[in-house]
Amino acid sequence: MTLNMTPTPVRCLILACGNTLRGDDGVGPWLAEWAENRFRSEPAIRIISRHQLTPEFAEEIAASASVILIDCSTASAPGSVSAVPVEPVVSSVALNPHHIGPAELLALARDLYSSSPREALLLTIGAASTELSEHPSDTVRSALPEACRLLEEAVRRLLQD
């Protein structure tokens, strides 16, 4: 009997960030948990949830066929949900080892590993409050079904490509 020890390639990496103790900032981890339950039987999907994006994720991104980054947005209207393509962009400021934006993280993956996902999306929900709280605002809570629908739609499409 021969065992194949080669891991299943990651066709879709879901990389969520946010702080669950800061109200709406916890939407990324909440959506990651939802995705873990929803896509439990899909071995080609890898889901990672952390407090923030850091340069260490460049290797995971470079090894993935596609990536969906999830975060709250303080620049968007509260409760608004969007999924937009992200392209690699090198920042003109020095790289912060404790936080990096989605576009800079994609550029870092490309530059360090000579590989990029064929597609990258940024899914955001506009935050109403990032004050200390373990619960999302009513505005963000009411936007979660739309965010789940967009996330599932994006994952299904990326797995078909």
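What pairs can you find where one residue is in region 137-153 and small (Gly, Ala, Ser), the other is in a helix (DSSP H, G or I), and their Cβ atoms are less than 7 Å apart, with a gap of 6+ or different chains?
These pairs meet every condition: Ser137/Gly23; Ser137/Asp24; Ala147/Leu31.
Scan region 28-53 for residues that are assigned to a helix (DSSP H, G or I) and crowded, with 22+ Cβ neighbours inside 10 Å and report the count.
4
Filter region 103-161 for residues that are over 16 Å from Pro88 (Cα atoms) and small (Gly, Ala, Ser) and give the result.
Those that are over 16 Å from Pro88 (Cα atoms) and small (Gly, Ala, Ser): Gly126, Ala127, Ala128, Ser129, Ser133, Ser137, Ser142, Ala143, Ala147, Ala154.
Would you mind listing the helices (runs of 4 or more DSSP H) fully within region 54-161 where at least 2 residues are more than 18 Å from Leu13 (Cβ to Cβ)?
The qualifying helices (runs of 4 or more DSSP H) are 138-160.
Within the group Ser129, Ser76, which residue is hydroxyl-bearing (Ser, Thr, Tyr) and either more than 18 Å from the chain's Cα centre (by Cα) or under 19 Å from Ile45 (Cβ atoms) (or both)? Outline the logic, then answer.
Numbers: Ser76 fails: either more than 18 Å from the chain's Cα centre (by Cα) or under 19 Å from Ile45 (Cβ atoms) (or both).
Of Ser129, Ser76, the one residue that is hydroxyl-bearing (Ser, Thr, Tyr) and either more than 18 Å from the chain's Cα centre (by Cα) or under 19 Å from Ile45 (Cβ atoms) (or both) is Ser129.
So, of the residues in region 146-160 that are surrounded by 13 or more Cβ atoms within 10 Å (Cβ to Cβ) and not charged (D, E, K, R), which turns out to be farthest from Gly126 (Cα to Cα)? Give the derivation first.
Filtering region 146-160 for residues surrounded by 13 or more Cβ atoms within 10 Å (Cβ to Cβ) gives 146-148, 150-152, 154-155, 157-159.
From the residues that got through so far, the ones that are not charged (D, E, K, R) too are 147-148, 150-151, 154-155, 158-159.
On the way: Ala147: 11, Cys148: 14, Leu150: 14, Leu151: 15, Ala154: 19, Val155: 21, Leu158: 24, Leu159: 27 Å.
For region 146-160, the residue satisfying everything is Leu159.
Do the conditions hold for Thr74, that is, is it out of contact with any Ser or Thr (no Cβ under 8 Å at 6 or more places or on another chain) and closer than 18 Å to Ala143 by Cα?
Here the answer is no, as Thr74 does not meet what is asked.
Could you tell me which numbered condition Asp25 fails, if it satisfies all but one of (1) out of contact with any Cys (no Cβ under 8 Å at 6 or more places or on another chain); (2) in contact (Cβ under 8 Å) with a residue 60 or more places away in the chain; (3) not in a strand (DSSP E or B)?
(1)
Can you tell me which residue in region 72-88 is surrounded by the fewest Cβ atoms within 10 Å (Cβ to Cβ), limited to those that are closer than 11 Å to Leu122 by Cα and among the aliphatic types (A, V, I, L, M)?
By that ranking, first place goes to Val84.
Of the residues in region 31-59, how many are without any contact (Cβ under 8 Å) to a residue 24 or more places away in the chain and in contact with a strand residue (DSSP E or B) (Cβ under 6 Å, 6 or more places away or on another chain)?
Residues meeting the conditions: 1.
Every number in this text was worked out from the coordinates using simple rules, so none of it is lab data. For clarity, every value in this text was computed on a predicted model and none was experimentally measured. Quick reminder, even Gly has a Cβ in these numbers, built from the backbone with ideal geometry, and neighbours come from all protein chains shown.
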